[in-house]
1. Search the range 70-96 for residues being of a type in the set (Gly, Ala, Ser) and surrounded by 11 or more Cβ atoms within 10 Å (Cβ to Cβ), and hand back the single one that is farthest from residue 112 (Cα to Cα).
2. Taking the stated definitions as given, is residue 36 surrounded by 10 or more Cβ atoms within 10 Å (Cβ to Cβ), part of a helix (DSSP H, G or I) and either at pLDDT 80 or above or acidic (Asp, Glu) (or both)?
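The values are calculated or read from the model by the stated rules, or taken from the named source; none is laboratory data. Only a predicted model underlies this, so the values are computations on that prediction, with no experimental measurement involved. Cβ placement follows ideal geometry from the backbone for every residue including glycine, while neighbour counts extend to all protein chains displayed.
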Amino acid sequence: GLALALDVFGAASGLGAAGQWSRIGVGVGFALMAAATFGAALVFTQHEAADIDGRVRTATTLGLAGLVGLASVGVQGGFHLPDAAAGWWGLAALTVLYGTAFTIMFTVLPRLGVVGNSAIMNVEPVFALILAWLILGQAIAPVQIAGALLVVGAVMVLGLRRRT
């Protein structure tokens, strides 16, 4: 469902992504590795670090990510900070919202479990799809709507199954 909602193969967008794997294959590989690493982090958080306060886990995670980011700055040739006020506002909002969301997620994860949390996180791209349509005016194909409904339906089924 998520692959349909995100138009993974580019069928709905008309980009012909299937014919461009030589250009996008490395990016797709990185995305798959990021997803696998994030999944491993969720499992590790629930089973190995459940007794540690979520704020401490989040601070550690974001601190390590920050160190990796700083190390990569040297490779990229230095910082490239925003030039306009809108860029600074966007950076500030991203920092506050992303940091808050991750803190909440890793605080709630031991209570929800990996399955419950993963299901909820699959709704995030659906909201991104809707917001892209509302704010940016992007077109949504029927297959993407079907995928979004499939994702939301699966999350609802998982949520109802846990309560009974």
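1. 87
2. Values: surrounded by 10 or more Cβ atoms within 10 Å (Cβ to Cβ): yes; part of a helix (DSSP H, G or I): yes; either at pLDDT 80 or above or acidic (Asp, Glu) (or both): yes.
Judged against the criteria, residue 36 is a match.
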